[in-house]
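> Have a look at this one before I ask anything.
The values are calculated or read from the model by the stated rules, or taken from the named source; none is laboratory data. Remember, predicted model here, so these are calculated numbers, not experimental data. Counting neighbours? That spans all protein chains shown, and the Cβs are built from the backbone with ideal geometry, glycine included. Please note that ligands, DNA and RNA were not included when accessible areas were found on the heavy atoms of the full protein model with its side chains. Shrake-Rupley method; radii C 1.70, N 1.55, O 1.52, S 1.80 Å.
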Amino acid sequence: MRYFFSLSVALPGAFVAGGQPAVTALAPARNHVAAPRGGPVTLTFSEAVSADSAGGLRLFSAQRGGQLVRTGPGGGLLTGGGTPTLSFAPSKPFRPGETLTLVMPPTLVGLTGAAVVPLMAQFTAATGGTGTGRLVVPALDAEVPTNNGPLAVATGDLDQDGDPDAVTANYGGGPGATLSTLLNPGNAGGELLSAHTPTVVVGSGPVAVALADVDADGDLDALTACFNLDLVALRFNSGRQARRLMLE
């Protein structure tokens, strides 16, 4: 059995000239590699943060649907507005081994009206289970078809049903490059479904794909590096029931 502890550490330069409030302690600590999956994420400030602005805090999940500080399914509870300590408790545990990004924009203000010092920090959720590092072939769907020439894959909860899905960047031929979305039905077998696979066209030569909540609406969007065009193609998650990635 493993035990994980979160530590609060003083941040250098926390007290800023001119009375600008800043974070003095953060838990989990920056770059923590085994943060408790159940949270909480706690920030202590040099002065109280106004309740009206506290909701501007952002916590992005790499696998569980993007922005977590939100109302509705998959979010969590933010408390402490009007005090020097903000605490966020996720409604569901963080994914094992996922990277979480905390962003504190200058829209947060102290009770005096002064904007807080902006901060960004990342940490990694703890892993556990019985795995030994030996990989075995699954009983179901060991090989899942995609479109032509998959070169890269990213995982994340695209349809916000609580389990990880997958997106592949398919090099294809010429301008016919695509992204394929493979949805997880959520059964115990851990399979990915390619039937009725949603696809979306991207620029020529996609060689990498990443998922992130680019528009901060609470779901994961896709960014694809297109080698032949020297650009990054952005595809938004439509937010509709099918949770397709679309050119919008």
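> Which numbered condition trips up G76, out of (1) closer than 21 Å to A212 by Cα; (2) open to solvent by 40 Å² or more (accessible area, probe 1.4 Å); (3) without any contact (Cβ under 8 Å) to a residue 40 or more places away in the chain?
Here G76 meets the rest and fails (2).
> Here's something else I'd like to know. Taking A125 and the conditions (1) more than 28 Å from A177 (Cα to Cα); (2) touching an Asp or Glu at 6+ places or on another chain (Cβ under 9 Å); (3) open to solvent by 40 Å² or more (accessible area, probe 1.4 Å), which numbered condition does it fall short on, given that it satisfies the others?
Only one criterion is unmet by A125, namely (3).
> Please work out if T146 is farther than 30 Å from P21 by Cβ, in contact with a strand residue (DSSP E or B) (Cβ under 9 Å, 6 or more places away or on another chain) and open to solvent by less than 30 Å² (accessible area, probe 1.4 Å).
Criteria not met by T146.
> Only one of these conditions is not met by G131: (1) without any contact (Cβ under 8 Å) to a residue 12 or more places away in the chain; (2) of a type in the set (G, A, S); (3) under 17 Å from T24 (Cβ atoms). Which number is it?
For G131, the exception is condition (3).
> I'm checking my understanding of the structure. Among residues of region 135-150 that are closer than 17 Å to T181 by Cβ and touching a Gly at 6+ places or on another chain (Cβ under 9 Å), which one is modelled with the lowest pLDDT?
Going through the qualifying residues, I end up with D141.
> Further, regarding this structure: Please determine whether any residue of region 183-197 is in contact with a strand residue (DSSP E or B) (Cβ under 8 Å, 6 or more places away or on another chain), modelled with pLDDT of 80 or more and not in a loop (DSSP other than H, G, I, E, B).
yes
> So T127 passes all but one of these: (1) β-branched (V, I, T); (2) farther than 28 Å from A22 by Cβ; (3) under 13 Å from the mean Cα position of the chain (by Cα). Which condition number does it fail?
(3)
> Another question about this same structure. Are there strands (runs of 3 or more DSSP E) fully within region 36-116 with at least 1 residues that are in contact with a helix residue (DSSP H, G or I) (Cβ under 9 Å, 6 or more places away or on another chain)? List them.
Hits in region 36-116: 76-79, 85-90.
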